[in-house]
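Report on the following structure.
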Amino acid sequence: EAQLDDALPGWRAAARTLARRGLAVRSALAATAMPALAGSGPQPNDEQCHAIDVIRGAVGFAPMLLDGVTGSGKTEVYLQAIADCLARGRQALVLVPEIGLTPQMLARFRARLGVPVHALHSGLTDGERARVWTAAWRGEARVVVGTRSAVFMPLPDAGLVVVDEEHDASYKQQDGIRYHARDFALVRGKALGVPVLLGSATPSLESLHNARAGRYVHLRLHRRAGSARPPTVRVLDIHKRPLQAGLSPELLDAIARALAAGGQVLVFKNRRGYAPVLLCHDCGWSAQCRRCSTATHGSPMTVHAGGRRLQCHHCGARQPVPQACPDCGGLALQPQGNGTERIEELLAERFADVPVLRVDRGSTRRQNGLESLLAQLGTRPGILVGTQMLAKGHDLPNLTLVAVVGIDEGLFSADFRASEKLAQQLIQVAGRAGRADRAGEVWLQTHHPGHPLLQTLIEGGYHAFAGAELLQREAAGFPPFAHLALLRAEAVNADAPLAFLQAAKSLLAADGTVDIHGPLPAPMPRRAGLHRAQLLLSSAARAALHAALAAAVPALHALPTARKVRWSLDVDPVDLY
């Protein structure tokens, strides 16, 4: 069915008509009936061969970290390991963080493996997901590629689990039943007795710590595959520089040179929309979301549609841009700051002879939206303007210039994970450049060129940053040297969450084995009309934390204040907001 979906879209309606007329019958073919037509791939280098041999030689559960620089050929290692898994008559599950990565990986896997490769993600209909689930349960689906929910896929003949881009925060389910697909993949791998391969160019500090401690087999790929060379990196100080939509004259000239040479350009800005704030220059009023703001904490609405619409990125509220300032009646309403829409507008005007395509959540909302945009660009010169969607695993062989703008906000944050996230983001997006024969170049625009994080990344790379960051985490008692749990509560009444969390603190404090911080209003104290507060629990021993939570949760449900709030418990939170 998966092959028919690719070859003949819409075939199901015709098949149902033929079946009603008695001209077609439905039958299931054994998985072994599919002929092996695997294509030949590139010759692995020495480091890839070593990694492949280690994976092939793994017996039973074996957690492994494939730690390779961008463009080092991690996907080729996956393919070789999966091919060996199939040769042994076993099933393979591959997890990817985003739907956008699925089509590219599916095409490559189908071309190489010679068996049907099934996809499972939220972009499928319920019927399509049910068919993939059933095929896996019967053992007919030998290779499944999916996003985080695919980690629950039934695998009666399991042989290998792969987690690509294992560092990505998209693997964390933030609503409903909270789980981390990477961590649960390890739990499933242990239960099934199969190897689990975690792959990334920028491993999470937790995984890197486990590898260095000997809990994971650490497989390193130090150099790019084939003839590809690492891109050159230039940090551009934009102090006192005239900027157009956040882009400096020097960067615009570099874009023009790259296009004239027949290359493609990626302009990375991790903020969608036209501008982050609408401001009145007469009185200072700014557009705030009424459902997410408090008297002391405003939540600005993002300007969209070229300045015609306001939208809250937290609760989804929308409204038209007012014709005059609601406070003073002035007409000096102006968008402040830059988002992907504003950058796209400037570049489309400046470089009208090449395609300028915006890749963010808004432009890729339709099914296969990202795949369609990348196909529209093809291999011709052009510009991609995008958010973090473009920083994840895409192979763009003609991309010669990557420009990163607006990184300064990530250099100063109260979130202890902010430095890790920014370092991963910069390394990942920079890794899109120069992945084929053509040399790549990366420009980083910043007002803080001497910031230690940037200097460490440029001079020593991601592992130098990770080593320094792990030392700071250990000194501060943060993960991976401590284990956290976050008790969140929200309600229409601002006092109810704090009252519930105070009662919860009394219950947990009786145990005496965990450190308790709070209760306090959440860093974003109101969202979608609900006031939010949280209680942070910390322990150096995971067993002690779990024991304290297991003892307290039944009592939390029984608290009178629990009926007045909506509360949740998040173990190992990746986002404290």
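Name the one entry in 309, 366 that is modelled with pLDDT of 90 or more and surrounded by fewer than 18 Cβ atoms within 10 Å (Cβ to Cβ). Even if it seems obvious, please write down each step before you answer.
Numbers: 366 fails: modelled with pLDDT of 90 or more.
Only one candidate qualifies: 309.
Could you say whether any residue in region 192-202 is surrounded by fewer than 20 Cβ atoms within 10 Å (Cβ to Cβ), outside the structural domain of residue 382 (by TED's automatic domain parsing) and free of Cβ contacts under 8 Å to residues at least 40 places away in the same chain? For region 192-202, residues surrounded by fewer than 20 Cβ atoms within 10 Å (Cβ to Cβ), outside the structural domain of residue 382 (by TED's automatic domain parsing) and free of Cβ contacts under 8 Å to residues at least 40 places away in the same chain: absent.
State whether the residues of region 501-517 include one that is outside the structural domain of residue 315 (by TED's automatic domain parsing), under 25 Å from the mean Cα position of the chain (by Cα) and surrounded by fewer than 19 Cβ atoms within 10 Å (Cβ to Cβ). Within region 501-517, none of the residues are outside the structural domain of residue 315 (by TED's automatic domain parsing), under 25 Å from the mean Cα position of the chain (by Cα) and surrounded by fewer than 19 Cβ atoms within 10 Å (Cβ to Cβ).
Checking residue 150 against (1) more than 25 Å from residue 224 (Cβ to Cβ); (2) modelled with pLDDT under 90; (3) surrounded by 23 or more Cβ atoms within 10 Å (Cβ to Cβ), which test does it fail? The one condition residue 150 does not meet is (2).
In the list 83, 92, 111, 36, which residue meets the criterion of being at negative phi, touching a helix residue (DSSP H, G or I) at 6+ places or on another chain (Cβ under 9 Å) and modelled with pLDDT under 90?
Details: 83 fails: modelled with pLDDT under 90; 92 fails: modelled with pLDDT under 90; 111 fails: touching a helix residue (DSSP H, G or I) at 6+ places or on another chain (Cβ under 9 Å).
One residue alone meets the criteria, 36.
Any idea which of 148, 178 is under 30 Å from residue 419 (Cβ atoms), among the charged types (D, E, K, R) and in contact with an Asp or Glu (Cβ under 7 Å, 6 or more places away or on another chain)? Give the derivation first.
On the way: 148 fails: in contact with an Asp or Glu (Cβ under 7 Å, 6 or more places away or on another chain).
Just a single option satisfies the conditions, and that option is 178.
Would you confirm, using the coordinates I've provided, whether residue 390 is at pLDDT below 75 and not in a loop (DSSP other than H, G, I, E, B)? Even if it seems obvious, please write down each step before you answer.
Values: at pLDDT below 75: yes; not in a loop (DSSP other than H, G, I, E, B): yes.
Taking the combined requirement at face value, the residue satisfies it.
Of all the listed residues (111, 92, 136), the sole one being within 25 Å of residue 168 (Cβ to Cβ) and either touching a Cys at 6+ places or on another chain (Cβ under 7 Å) or not assigned by TED's automatic domain parsing to the domain that holds residue 186 (or both) is 92. Apart from one condition, residue 281 fits all of (1) more than 24 Å from the chain's Cα centre (by Cα); (2) free of Cβ contacts under 8 Å to residues at least 60 places away in the same chain; (3) within 30 Å of residue 258 (Cβ to Cβ); the exception is (3). Would a scan of region 52-70 turn up a residue that is among the charged types (D, E, K, R) and modelled with pLDDT under 90? Looking through region 52-70, none of the residues is among the charged types (D, E, K, R) and modelled with pLDDT under 90.
In this structure, is residue 247 within 15 Å of residue 337 (Cβ to Cβ) and not aromatic (Phe, Trp, Tyr)? Against the criterion (within 15 Å of residue 337 (Cβ to Cβ) and not aromatic (Phe, Trp, Tyr)), residue 247 qualifies. Put simply, of 290, 220, 215 the only residue that is surrounded by fewer than 19 Cβ atoms within 10 Å (Cβ to Cβ), within 23 Å of the chain's Cα centre (by Cα) and either farther than 21 Å from residue 391 by Cβ or modelled with pLDDT of 90 or more (or both) is 220. Every condition in (1) surrounded by fewer than 22 Cβ atoms within 10 Å (Cβ to Cβ); (2) part of a strand (DSSP E or B); (3) not hydrophobic (A, V, I, L, M, F, W, C) holds for residue 67 except the one numbered (1).
The set of residues in region 534-577 that are surrounded by 15 or more Cβ atoms within 10 Å (Cβ to Cβ) and acidic (Asp, Glu) comprises 570, 572. The residues on offer are 485, 476, and the sole one that is closer than 30 Å to residue 531 by Cα and over 26 Å from the mean Cα position of the chain (by Cα) is 476.
Across region 528-558, the number of residues qualifying as outside any helix (DSSP H, G or I), among the hydrophobic types (A, V, I, L, M, F, W, C) and in contact (Cβ under 8 Å) with a residue 60 or more places away in the chain comes to 2. Examine region 226-249 for a residue that is assigned to a strand (DSSP E or B), surrounded by fewer than 19 Cβ atoms within 10 Å (Cβ to Cβ), touching a residue at least 40 places away in the same chain (Cβ under 8 Å) and among the hydroxyl-bearing types (Ser, Thr, Tyr), and state whether such a residue exists. Yes, because at least one residue in region 226-249 is assigned to a strand (DSSP E or B), surrounded by fewer than 19 Cβ atoms within 10 Å (Cβ to Cβ), touching a residue at least 40 places away in the same chain (Cβ under 8 Å) and among the hydroxyl-bearing types (Ser, Thr, Tyr). Taking the criterion of being under 30 Å from residue 397 (Cβ atoms), touching a residue at least 12 places away in the same chain (Cβ under 8 Å) and assigned to a strand (DSSP E or B), would at least one residue in region 267-277 satisfy it? Yes: one or more hits.
The values are calculated or read from the model by the stated rules, or taken from the named source; none is laboratory data. Computed from a prediction, not measured in an experiment: that's the story for all the values here. Please note: Cβ atoms are built from the backbone with ideal geometry, for glycine as well, and neighbour counts cover all protein chains shown.
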